[in-house]
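So the structure is just underneath, and the comments pick up after that.
The values are calculated or read from the model by the stated rules, or taken from the named source; none is laboratory data. The structure presented is a predicted model; accordingly, all values stated were derived computationally and were not measured. Note: ideal-geometry Cβ built from the backbone for every residue, glycine included; neighbour counts use all protein chains shown. Surface areas here come from the heavy atoms of the whole protein model, side chains and all, with no ligands, DNA or RNA. Shrake-Rupley method; radii C 1.70, N 1.55, O 1.52, S 1.80 Å.
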Amino acid sequence: MSEFILEVKNLNVELAGEQVLEDLSFDLREKEILVILGPNGAGKSVLLRTLLGLHLFKGEVSWEENTHIGYVPEEFTVSKNLPLSVKEFFNFKEAESSEISQSLKWVGMKISPRFLEKRLGTLSSGQLRRTLIAWALVDEPDVILLDEPMVGIDIHGRKTIYDSLVEFWQKKNQTIILVSHEIGEVCKKADKILALNKRKLFYGKPEEVITPQNLAKIYGSSISL
Amino acid sequence: MDLQFLYSLIVSVFIGGVAGYLGSLMITKRMALVGDALGHVALPGVALALIYGFNVSLGALIFLALGILLIWFFEVRTKLPMEALTGIVFTASVAIAFLFLPETEVSTALIGDISQIGSWDTLSSVILSVIIFLVLRKIFSKMILANLSENLARVEGVKVGTYNFIYLLCIAIIVALGIKVTGSLLMGALVITPAAAARNLSRNLFQYSYGALIIGIISCVSGVLIFKIFGFSAGPFVILTATLIFLISLIFKKR
């Protein structure tokens with residue numbers, strides 16, 4: 001068995017005097033895909049940001065040394081007026097043109113030189129989401145944390161993107177943590193599922209934990225995949 | 001060509017260029033009026049420098065440092081919005097300056113006087129401008145990224161707090177330098193107007209930031225030329241040239 005790339009023990013997070021996460025423990029090995037499920041306001045995004053070192057916490061969050069992390073935030077808007085081209089956005093990461101087109105291809109974008117010259121703020125919300133995911137992929141981090149990555153992308157697009165992303169992740173030996181408020185395509189590809197609503201609801205392999213009883217814990221009524 | 005004219009030309013080219021470049025970042029961060037306010041905060045320092053005959057930029061810089069510290073202190077104590085506190089400090093500065101600013105120096109303090117620039121002044125302005133430009137170029141893309149998403153920037157290892165501090169320091173130094181060219185009343189325009197014009201004309205960040213730099217230079221050169229040829233004060237004509245370029249840019253605005 002490979003070593004843990006991430007270990008979380010007894011994690012507690014308090015924001016503005018309110019307990020947002022309570023006593024969470026879980027771990028992750030290399031190449032694993034962890035999907036974090038939970039209703040809106042369950043603290044999923046806070047958990048991601050805490051793992052990224054953006055919030056204060058009590059407990060233990062330990063990443064394997066020198067882990068290079070990529071992040072796709074849930075909220076990302078660009079003013080239409082900002083003269084920033086897609087290519088320049090990728091240049092923030094000093095990416096080569098070939099790397100840019102490659103990673104855009106992984107998220108299902110047909111790219112032309114004209115697309116790279118477009119202003120980032122003029123992309124449609126779906127295009128912007130895909131571009132943001134490609135941006136996270138472009139320097140091939142060891143771990144990628146994605147917060148509701150498919151918001152704004154239609155249901156047909158999602159499956160294709162997930163298929164190609166999972167292929168990409170496996171090829172590059174990447175570890176993935178993905179937050180979603182709905183149970184969907186990606187749960188089938190997950191190695192582990194963590195469901196939470198401030199505290200842990202259930203945690204384990206999808207085939208073991210995705211049961212109508214467990215799903216009712218998240219959504220209040222029984223659903224099946 | 002006389003030496004004095006050459007000095008004013010060199011100083012205004014360097015300061016105007018960097019001020020324009022800095023302005024492109026300030027507009028993006030919605031801090032365009034900060035340059036204007038700081039120009040006023042520096043006024044007592046300018047007044048003292050004119051009375052006692054020392055470097056105007058040095059006087060300005062001392063009072064800018066005091067002003068920024070004061071705004072910061074008020075913010076910690078009152079939690080009032082920063083812009084309200086800035087408003088208090090900059091108007092108080094203007095009031096204080098007019099307590100002792102000699103009548104004969106009013107126009108120099110308010111709209112600048114490049115005819116008084118010496119060799120040492122020129123050298124220090126050029127060196128400081130180049131340093132500020134290099135620093136800004138280094139932090140530019142990271143500041144833009146932090147402006148898009150601070151969390152994303154932090155994850156990419158950008159030390160947002162440190163960068164903001166460096167950026168504010170750059171603004172203070174450029175304002176102190178620019179006051180020589182345009183005076184404290186008009187300094188704000190030197191950072192805003194060239195960048196606003198460039199924004200209208202550009203498709204990407206490169207065109208935007210370097211466009212602002214070039215428009216800043218053009219404005220300053222034409223102001224100095226008008227001073228040389230017609231004898232009008234350079235400061236107002238620097239700003240009016242920039243404004244004219246801005247108006248022309250409206251016609252060509254990229255959608």
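Need pairs with beta-carbon distance below 6 Å; first residue more than 7 Å from every other protein chain (Cβ to nearest Cβ) and closer than 19 Å to A:L137 by Cα and within region A:66-86, second open to solvent by 30 Å² or more (accessible area, probe 1.4 Å) and assigned to a loop (DSSP other than H, G, I, E, B); sequence gap 6+ or separate chains.
A:T67/A:D142; A:H68/A:D142; A:V86/A:K118
For region A:41-65, which residues satisfy the criterion of being more than 9 Å from every other protein chain (Cβ to nearest Cβ) and either hydroxyl-bearing (S, T, Y) or free of Cβ contacts under 8 Å to residues at least 12 places away in the same chain (or both)?
If we filter region A:41-65 for residues that are more than 9 Å from every other protein chain (Cβ to nearest Cβ), which is where we start, we get A:41-48, A:50-51, A:55-65.
A:G41, A:S45, A:T50, A:S62, A:E65 - these are the residues of region A:41-65 that are more than 9 Å from every other protein chain (Cβ to nearest Cβ) and either hydroxyl-bearing (S, T, Y) or free of Cβ contacts under 8 Å to residues at least 12 places away in the same chain (or both).
Which of the residues belonging to region A:113-142 are among the small types (G, A, S), under 16 Å from A:K80 (Cα atoms) and part of a helix (DSSP H, G or I)?
Correct list: A:G121, A:S125, A:G126.
Quick check: is even one residue across region A:187-206 β-branched (V, I, T) and within 30 Å of A:S103 (Cβ to Cβ)?
Yes, some residue in region A:187-206 is β-branched (V, I, T) and within 30 Å of A:S103 (Cβ to Cβ).
Any idea which residue in region B:234-254 is nearest to the other protein chains (Cβ to nearest Cβ), counting only those that are open to solvent by 70 Å² or more (accessible area, probe 1.4 Å) and assigned to a helix (DSSP H, G or I)?
The extreme case among them is B:L250.
Which residue is farthest from B:A176 (Cα to Cα), if the candidates are limited to region B:55-111 and must be acidic (D, E) and surrounded by 14 or more Cβ atoms within 10 Å (Cβ to Cβ)?
Residue satisfying both the conditions and the ranking: B:E75.
Going through region A:110-124 one residue at a time, which ones are among the β-branched types (V, I, T) and farther than 13 Å from A:T77 by Cβ?
A:I111
Of all the residues that make up region B:27-54, how many are within 14 Å of another protein chain (Cβ to nearest Cβ) and surrounded by fewer than 24 Cβ atoms within 10 Å (Cβ to Cβ)?
Number of matching residues: 4.
Given (1) within 14 Å of chain A (Cβ to nearest Cβ); (2) exposed (fewer than 15 other Cβ atoms within 10 Å of the Cβ); (3) farther than 20 Å from B:G16 by Cβ, identify the lone condition not met by B:R137.
(3) is the only condition that B:R137 fails.
Quick check on my filter: what residues within region B:140-172 are within 14 Å of chain A (Cβ to nearest Cβ) and among the hydrophobic types (A, V, I, L, M, F, W, C)? Walk me through how you get there before you give the answer.
Step one: of region B:140-172, the residues within 14 Å of chain A (Cβ to nearest Cβ) are B:140-161, B:163.
Matches in region B:140-172: B:F140, B:M143, B:I144, B:L145, B:A146, B:L148, B:L152, B:A153, B:V155, B:V158, B:V160.
Give region A:141-153 a look and list any residue that's surrounded by 15 or more Cβ atoms within 10 Å (Cβ to Cβ) and without any contact (Cβ under 8 Å) to a residue 60 or more places away in the chain, or say none.
Residues satisfying the conditions are A:M150, A:I153.
For region A:163-200, name all the residues that are among the acidic types (D, E) and in contact with a Lys or Arg (Cβ under 9 Å, 6 or more places away or on another chain).
Within region A:163-200, A:D163, A:E185, A:D191 qualify.
Got a number for residues in region A:89-111 being within 21 Å of A:G126 (Cβ to Cβ) and either within 14 Å of another protein chain (Cβ to nearest Cβ) or of a type in the set (A, V, I, L, M, F, W, C) (or both)?
Of the residues in region A:89-111, 8 are within 21 Å of A:G126 (Cβ to Cβ) and either within 14 Å of another protein chain (Cβ to nearest Cβ) or of a type in the set (A, V, I, L, M, F, W, C) (or both).
Only one of these is of a type outside the set (D, E, K, R) and either within 14 Å of chain A (Cβ to nearest Cβ) or touching a Cys at 6+ places or on another chain (Cβ under 9 Å) (or both): B:L58, B:L22. Name it.
The unique qualifying residue is B:L22.
Would you call A:E32 more than 14 Å from every other protein chain (Cβ to nearest Cβ) and within 23 Å of B:Q207 (Cα to Cα)? Before you say what the answer is, go through the steps one by one.
Values: more than 14 Å from every other protein chain (Cβ to nearest Cβ): yes; within 23 Å of B:Q207 (Cα to Cα): no.
So A:E32 does not fit the description; no.
Could you look through region B:200-233, keep only residues that are in a helix (DSSP H, G or I) and touching an Asp or Glu at 6+ places or on another chain (Cβ under 8 Å), and pick out the one that is most open to solvent (accessible area, probe 1.4 Å)?
B:F206
For region B:1-114, please list each of the helices (runs of 4 or more DSSP H) lying entirely inside it that holds at least 3 residues being among the small types (G, A, S) and touching a helix residue (DSSP H, G or I) at 6+ places or on another chain (Cβ under 7 Å). Spell out how you get there, then give the answer.
Numbers: elements: B:3-28, B:32-41, B:43-52, B:56-78, B:82-100, B:106-111.
So the answer is B:3-28, B:32-41, B:43-52, B:56-78.
Identify, by number, the condition in (1) under 21 Å from A:L145 (Cα atoms); (2) assigned to a helix (DSSP H, G or I) that B:G161 doesn't meet.
The single condition B:G161 does not satisfy is (1).
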